[in-house]
Amino acid sequence: MKTIVLLTVSNAFMTFAWYGHLKFKEVALWKVVLISWGIAFFEYCFMIPANRLGYGTFDAAQLKIIQEVITLLVFAVFSVLYLREELKWNYAVSFLLMIGAVYFAFREA
């Protein structure tokens, strides 16, 4: 559970670092890059411990799959609440299909 929480926090920072600047088009690109790097530092402060703690309980591929699903969920919330974009039905179906892929990743081979 700690791994999931740390990955979620990490992805919140990552999403802001990568997409938060889209609301501030008037800010110079070089400033946005520096600010994003600063935010990304905190992403790493959570991502590295998440992977370190989770490895062993999960294998590396499972950790990556978990991280990608969390990324999609965090981004969906971010895009609706922060960017005020619509979550279209085809995006929701795409997310659900990816979550379905998780089933196969965690199923015993």
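The values are calculated or read from the model by the stated rules, or taken from the named source; none is laboratory data. From a predicted model like this one, the values you see are computed outputs, not experimental measurements. Virtual Cβ from ideal backbone geometry, glycine too; neighbours counted across all protein chains shown. Only protein heavy atoms, including side chains, enter the accessible area calculation; ligands, DNA and RNA are left aside. Shrake-Rupley method; radii C 1.70, N 1.55, O 1.52, S 1.80 Å.
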_Residues of type lysines that K2 reaches as a straight line, Cα spacing below 24 Å, ignoring anything fewer than 8 places off in the same chain_ = K64
*When we measure straight from the Cα of K25, which lysines land under 17 angstrom away, once same-chain ones fewer than 8 places off are left out?*
none
_Restricting to DSSP loop positions (anything but H, G, I, E, B) with no more than 10 other Cβ atoms inside 10 Å of their own Cβ, which GluC sites (Glu not before Pro) remain in the stretch 1-90?_
E26, E86
*Measuring from label point to label point, each 7 Å out along Cα→Cβ, what is the K31 to V93 span in nm?*
4.3 nm
*Give the carbon-plus-sulfur fraction of the accessible surface of the stretch 1-88 in %, rounded to a whole number; probe 1.4 Å, heavy atoms of protein chains only.*
71 percent
*Relative to the Cα centre, what is the charge dipole magnitude of the chain, using +1 at the beta carbon of each Lys and Arg, -1 at the beta carbon of each Asp and Glu, and rounding to the nearest 20 debye?*
160 debye
*Which trypsin sites (Lys or Arg not before Pro) from the stretch 6-109 combine a DSSP loop assignment with at most 13 other Cβ atoms within 10 Å?*
K25, R84, K88, R107
*For the stretch 54-108, what does the alpha-carbon gyration tensor say about shape, rounded, prolate or oblate, given a ≥ b ≥ c as the root eigenvalues, a/c under 1.5 as rounded, and a/b over b/c as prolate?*
oblate
*To the nearest 10 degrees, how steeply does helix 60-81 sit against the main Cα axis of the chain, on a 0 to 90 scale?*
40 degrees
*Contact order relative to length of the stretch 3-89, as percent, for alpha carbon pairs under 8 angstrom and 6 or more apart*: 42 percent
*For the chain, accessible area per residue (1.4 Å probe, heavy atoms of protein chains only), Å²*: 72 Å²
*Hey, what angle do you get for helix 29-54 against the long axis of the chain, alpha-carbon based, 0 to 90 degrees rounded to 10?*
20 degrees
_Between T57 and Y82, what's the calculated FRET efficiency when r is the beta-carbon distance and R0 is 25 Å? Round to 0.05._
0.20
